[in-house]
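This report concerns only the one structure given below.
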Amino acid sequence: MPTPFTPLTSVIRALAMDAVQQANSGHPGMPMGMAEIAEVLWRRHLRHNPADPGWPDRDRFVLSNGHGSMLLYALLHLTGYDVSLDDLKKFRQFRSRTPGHPEVGHTAGVETTTGPLGQGLANAVGMAIAERLLAAEFNRPEHEIVNHCTYVFVGDGCLMEGISHEACSLAGTLGLGKLIAIYDDNGISIDGHVEGWFTDDTRKRFEAYGWRVIAGVDGHDAPAIDQALLAARTDGKRPTLVCCRTQIGFGAPNKVNSHDAHGAPLGTAEVAATRAHIGWPHAPFEIPVEVYAQWDGRVRGSFFEGNWQKRFAAYAAAFPELAAEFTRRMQGELPAGWQDAVAGCLADAAGAGNIATRKASQNAIAALAPQLPELVGGSADLTGSNLSWWPGAQAISRETAGNYIYYGVREFAMTAIANGLALHGGLTPFTATFLVFSDYARNAIRMAALMRLRQIMVYTHDSIGLGEDGPTHQPIEHLACLRLIPNVDLWRPADASETAIAWVAGIERRDGPTILALSRQNLPVVSTAAAASTIRRGGYVLADCAAPRAVLIATGSEVHLALAAQRELLADGIAARVVSMPCAEAFDRQDPGYRNSVLPPAVPRLAIEAGVSNYWYKYVGLDGAVLGIDRFGESAPADQLFDCFGFTVANVVRMVKSLL
């Protein structure tokens, strides 16, 4: 039988239902159903400090079922984070600190942005991997500075999403013993009782992944929850799933265990009935001082962090260089020798010759990685094709730490796990797959952009130039689609030097992810005369002439075509400028004077890229032209395909002449 309602849990239920009612929007049922679980975890197990939300060795907490955000906001407020009662009253309101779903960097104590179900769980897997890697690298006998757990709340929806299979399968394979998922098994989703569409045996499913499963926990019985969480920390070699059977909207006498409590306010009458049922006589947003006192986590948090600070001081005395490196890494700063590494990387690229930009990417990784021990790479089962392995890479496994993750065929989870690596701190992740398979990862790319995370995404085989694999593997719309995501920088370099600069830009960037779209086929050297600082501007004049009558804008493998066409046009008496635009987003950030100097407003323009044409009209205008591809590809050798789709010197010359 459920335990009687207590003030410590009733306050959560009251805050959730009152905030949702006042906003006339939100999800009260999950916070009400998980109140006991949250109280036990946050007051008895979670090591955190509301006065310093970012201290390095805190436990991480992820609310994967982020629609229940009022649960997290209530916990943050009650334990003493910088989330005020007024903030709770502004739940889901314009520019409040309590948005509809938790947003990292927006609300103190929120570790990741969640809402798209299942991705928080994958983020938590990444955080647990980060903890293991940093512990292996920095801990020393008698000096343990990295030792924390990652807790994640998940619901039925999270486990229905396919990303949960991808991420949890890998977590089991890697044996992430400090990852603890707590399953809110309430059997309800928006459409109603889930037995009509979700009948998995969750226990057997996770046991098959290699997880430890603690099943049959009454999610409203605090002592039972406490015992389960104590047991969850005793394994150490397997991630743990704690299955808590709960009732959604627990405490609401007429809407408990109903989808009516899931995603809508309870209603005035039911709120009043709930107050009486749970024994909470206080007005909305009124909390007795004795309840605050019992919830306040600042003294406990100060104790935890204070102990860690003492351990870190001893560590710094014994291992000053390691302590300085750990501090640098957790602050996200680049190493002292970074500029020397960049110079060496660019020098190597300048002499690389005619190589595929995927190979140039591998060379750049090899040049930069020795100066970046925080770099953690990985591929979705395409390491040999993406060329994402480098000398010095070591595979991460159950037994060994390293700096390379074999993600298997799991593009979505790979990207979301890497988001978790970035969120944890201390590591800089890059991921790799074919550009066409970025579709599988799309929402995690979007979340990386929304959270402004530093992740580099290496997407090779970037056009019909991949050849015989055909239209299933040839990206057509992908470059344009990815460029449309706010906060993403997409680089499509034309040669080894542009590729190296793209890598440097991605690593130095701290306000969003960077995508590298790279060729399968070898490309000629084109940028030898351009300065690195010029290329960093995203678009630049690669080959000029006096009084140009046309401007050719090209990216990637089409830049050398533009150069060849420029020569042919000059032979016909037509002066044309060639602009390489490896990163349109970087170019757009330049001042108007620079942009106009590269693309003179009165000169006709032709854009050339082996992808959909619509994107480029923002640069060529309605009077300009675009040589692109607006249908799916074919299975054939690359040279035949480029001829078939009109990527020839003769066609470029014809299109330019038609503009004049």
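A few remarks follow.
- Residues satisfying the stated conditions in segment 326-382, i.e. without any contact (Cβ under 8 Å) to a residue 40 or more places away in the chain and of a type in the set (A, V, I, L, M): 336, 341, 343, 347, 366, 369
- Inclusion of residue 218 among residues that are in contact with a Lys or Arg (Cβ under 7 Å, 6 or more places away or on another chain), under 21 Å from residue 34 (Cα atoms) and open to solvent by 40 Å² or more (accessible area, probe 1.4 Å) is warranted.
- Failed item, numbered, when residue 77 is tested on (1) open to solvent by 10 Å² or more (accessible area, probe 1.4 Å); (2) in a strand (DSSP E or B): (2)
- The listed residue being in contact with a helix residue (DSSP H, G or I) (Cβ under 8 Å, 6 or more places away or on another chain), at pLDDT 95 or above and within 26 Å of residue 476 (Cβ to Cβ), out of 504, 598, 579: 579
- Selection of segment 223-246 for residues being part of a loop (DSSP other than H, G, I, E, B) and in contact (Cβ under 8 Å) with a residue 60 or more places away in the chain yields 233, 237, 238, 239, 246.
- Lone qualifier among 98, 9 - being part of a loop (DSSP other than H, G, I, E, B) and open to solvent by less than 20 Å² (accessible area, probe 1.4 Å): 98
- Within segment 12-37, being open to solvent by less than 10 Å² (accessible area, probe 1.4 Å), more than 17 Å from residue 188 (Cα to Cα) and touching a helix residue (DSSP H, G or I) at 6+ places or on another chain (Cβ under 6 Å) holds for 12, 13, 15, 16, 17, 19, 36, 37.
- Segment 609-643: number of residues that are of a type outside the set (A, V, I, L, M) and either at pLDDT below 95 or under 23 Å from residue 566 (Cβ atoms) (or both): 15
- If you go through segment 268-321 and keep only what is more than 19 Å from residue 77 (Cα to Cα), open to solvent by 60 Å² or more (accessible area, probe 1.4 Å) and of a type in the set (D, E, K, R), you end up with 310, 311, 321.
- Test: residue in segment 381-390 that is open to solvent by 20 Å² or more (accessible area, probe 1.4 Å) and under 25 Å from residue 54 (Cα atoms): no
- Residue 412 meets the conditions (1) under 27 Å from residue 175 (Cβ atoms); (2) in contact with a strand residue (DSSP E or B) (Cβ under 6 Å, 6 or more places away or on another chain); (3) of a type in the set (A, V, I, L, M, F, W, C) in every case but one. The failed one is (2).
- Scanning segment 442-456 for residues that are among the aliphatic types (A, V, I, L, M) and either free of Cβ contacts under 8 Å to residues at least 60 places away in the same chain or open to solvent by 60 Å² or more (accessible area, probe 1.4 Å) (or both) turns up just one, 450.
- Screening residue 92 with (1) open to solvent by 10 Å² or more (accessible area, probe 1.4 Å); (2) outside any loop (DSSP other than H, G, I, E, B); (3) closer than 30 Å to residue 193 by Cβ gives one miss only, at (2).
- The lone criterion from (1) free of Cβ contacts under 8 Å to residues at least 24 places away in the same chain; (2) closer than 19 Å to residue 424 by Cβ left unmet by residue 321 is number (2).
- Count - residues of segment 425-439 that are in contact (Cβ under 8 Å) with a residue 60 or more places away in the chain, part of a helix (DSSP H, G or I) and either open to solvent by 10 Å² or more (accessible area, probe 1.4 Å) or among the charged types (D, E, K, R) (or both): 0
- Filter result for residue 342 (under 30 Å from residue 504 (Cβ atoms), modelled with pLDDT of 95 or more and buried (at least 19 other Cβ atoms within 10 Å of the Cβ)): yes
- Residue check for residue 639: touching a strand residue (DSSP E or B) at 6+ places or on another chain (Cβ under 9 Å), charged (D, E, K, R) and exposed (fewer than 13 other Cβ atoms within 10 Å of the Cβ): no
- Only listed residue being farther than 25 Å from residue 232 by Cβ and open to solvent by less than 10 Å² (accessible area, probe 1.4 Å), chosen from 83, 125, 62: 83
- Counting only helices (runs of 4 or more DSSP H) that fall entirely inside segment 254-319 and contain at least 3 residues that are within 27 Å of residue 90 (Cβ to Cβ) and among the hydrophobic types (A, V, I, L, M, F, W, C), the qualifying elements are 268-278, 289-295.
- Scanning segment 175-214 for residues that are open to solvent by 20 Å² or more (accessible area, probe 1.4 Å), among the acidic types (Asp, Glu) and in contact with a strand residue (DSSP E or B) (Cβ under 9 Å, 6 or more places away or on another chain) turns up 185, 207.
- Scoring residue 564 on the criteria (1) out of contact with any strand residue (DSSP E or B) (no Cβ under 9 Å at 6 or more places or on another chain); (2) under 28 Å from residue 651 (Cβ atoms); (3) crowded, with 23+ Cβ neighbours inside 10 Å leaves a single failure, condition (3).
- Of the listed requirements (1) open to solvent by 10 Å² or more (accessible area, probe 1.4 Å); (2) closer than 30 Å to residue 313 by Cα; (3) touching a strand residue (DSSP E or B) at 6+ places or on another chain (Cβ under 6 Å), residue 142 misses just one: (3).
- Annotation: residue 107 fulfils all but one of (1) open to solvent by less than 20 Å² (accessible area, probe 1.4 Å); (2) touching a residue at least 40 places away in the same chain (Cβ under 8 Å); the unmet one is (2).
- Verdict on residue 249 being crowded, with 24+ Cβ neighbours inside 10 Å and assigned to a loop (DSSP other than H, G, I, E, B): yes
- Counted residues, segment 620-660 - those being assigned to a helix (DSSP H, G or I) and aliphatic (A, V, I, L, M): 10
- Condition met for residue 329 (basic (Lys, Arg), assigned to a helix (DSSP H, G or I) and open to solvent by 30 Å² or more (accessible area, probe 1.4 Å)): no
- Scanning segment 354-392 for residues that are in a loop (DSSP other than H, G, I, E, B) and at negative phi yields 354, 372, 373, 374, 380, 382, 388, 389, 390, 391.
- Count of residues meeting criterion [under 35 Å from the mean Cα position of the chain (by Cα), more than 21 Å from residue 523 (Cα to Cα) and either crowded, with 19+ Cβ neighbours inside 10 Å or free of Cβ contacts under 8 Å to residues at least 12 places away in the same chain (or both)] in segment 613-636: 7
The values are calculated or read from the model by the stated rules, or taken from the named source; none is laboratory data. Values in this document were obtained by computation on a predicted structure and should not be read as measured data. Because the Cβ atoms are built from the backbone with ideal geometry, glycine has one as well, and the counts that use them run over all protein chains shown. Side chains included, ligands, DNA and RNA excluded: accessible areas come from the protein's heavy atoms. Shrake-Rupley method; radii C 1.70, N 1.55, O 1.52, S 1.80 Å.
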